[in-house]
1. Going by amide H atoms built from the backbone, whose H comes under 5 Å of the H on residue 145, apart from near neighbours?
2. If I model a spin label at residue 66 and residue 202 as a point 7 Å from the Cα along the Cα→Cβ vector, what separation in nanometres do I get?
3. If you average 1/r over every pair of different alpha-carbon atoms in the chain and take one over that average, what Kirkwood value in Å do you get?
4. Under a 5 Å amide H to amide H cut-off, with H placed in plane at 1.01 Å, what residues pair with residue 36 once short-range neighbours are removed?
5. Just for the chain, what percent of DSSP beta bridges are antiparallel, to the closest 5?
6. So what is the 222 nm mean residue ellipticity for the chain from helices alone, if each DSSP H run of at least 4 adds -39500 (n - 2.57) and you divide by all residues, rounding to the nearest 500 deg cm²/dmol?
7. Quick one: what are the phi-derived ³J(HN,Hα) couplings along the range 201-215, Karplus 6.51/-1.76/1.60 with θ = phi - 60°, whole Hz, x for glycine and proline?
8. Which order do the peptides 96-102, 115-121, 170-176 come out in when sorted by mean C-beta neighbours inside 10 angstrom, highest first?
Amino acid sequence: MSKTVAFHLQKGGVGKTTISGTLACQSALDGFRTLAIDCDPQGNLSSWFLTDPPKYELADVLQGRCFARNAIIPIEGIDNLHLLPTFGIGGTLKNYSETKLSEEPFILQDLVREIGEEYDHIVLDLSPGLGRLERSALIASDEIITPMTPEVFSLDGLEIFIDELQRLKKNMRCDVKHNKIIINSYDERIRQHRDIYSAAQSSGRFRVYRIPVDPLFRKAQEASRAPQMFKVRGRGLKAATAEAIDELDRDIWV
Ligand SMILES: Nc1ncnc2c1ncn2[C@@H]1O[C@H](COP(=O)(O)OP(=O)(O)O)[C@@H](O)[C@H]1O
Ligand SMILES: [Mg+2]
């Protein structure tokens with residue numbers, strides 16, 4: 001049985017794609033059969049890891065146009081990592097989620113259960129918002145981890161998410177775990193960042209992780225590479241970034 005983890009907050013630009021992609025790579029590098037599913041109609045995770053356009057996408061699988069195994073692609077250069085992609089341009093996931101998905105809210109859960117036999121770990125990258133598509137991905141998950149950036153309204157955004165998630169769990173009779181927060185693009189020198197970290201910790205409800213600002217993420221994404229395996233002029237990820245990834249990797253998959 002595989003474990004499925006989604007990284008989500010309704011806000012954009014907080015690092016959902018960066019963190020889900022990096023942790024999927026880490027799981028694969030550790031030797032686990034790992035599947036990343038791009039559930040974002042913008043297809044950012046897919047354009048990160050794929051250099052050639054795929055033949056099929058997630059929406060094709062959901063609409064019965066192909067089998068999951070026909071759409072899943074092994075990622076070049078990263079053993080054990082597979083991707084179920086979404087086309088950023090010309091894709092049908094957005095249209096599908098706005099039309100047919102309402103009749104089948106458990107379709108992603110069914111898919112994850114069906115292909116879970118073949119994977120140890122499944123990672124879902126979601127789009128911002130809390131519409132039908134995100135809801136169906138959240139109820140397909142065993143655990144949701146929330147990345148946020150240390151900004152003025154970030155704790156409000158977290159409260160809103162907790163509230164919505166509570167309602168979703170009740171309505172859908174689902175018991176997904178949500179007890180980890182990642183403060184992304186954290187800078188210890190900035191007081192506001194330290195304050196937001198303390199406030200998140202003091203709620204007592206969450207284990208709070210910090211990932212520093214690290215320009216290597218963007219560069220690895222531009223080069224279609226795993227950040228852990230990528231170097232620019234001989235330098236890889238910052239030591240603190242690598243430590244945060246290791247810590248998360250250890251805690252998530254237990
Ligand atoms: N820790 C970080 N340090 C520096 N840049 C980051 C970090 N995390 C994310 N980014 C950059 O921020 C941008 C938004 O991140 P992304 O993962 O796409 O957010 P989301 O998926 O939540 O919209 C991307 O350009 C990404 O490379
Ligand atoms: Mg994203």
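All of the numbers you see were taken from the coordinates with simple rules; none came from a lab. Just so it is clear, the structure is predicted and the values come from calculations on it, not from any experiment. Here the Cβ is made from the backbone with ideal geometry for all residues, glycine too, and neighbour counts use every protein chain on show.
1. 6, 7, 8
2. Between residue 66 and residue 202, the simple spin-label model gives 5.2 nm.
3. Across the chain, the inverse of the average 1/r is 18.3 Å.
4. Under 5 Å from the amide H of residue 36: 82, 83, 84, 123.
5. Beta bridges within the chain, antiparallel portion: roughly 10 percent.
6. Value at 222 nm, helices only: -11500 deg cm²/dmol.
7. 5, 6, 5, x, 8, 10, 8, 10, 10, 10, 10, x, 5, 8, x
8. Peptide ranking by packing, descending: 115-121, 96-102, 170-176.
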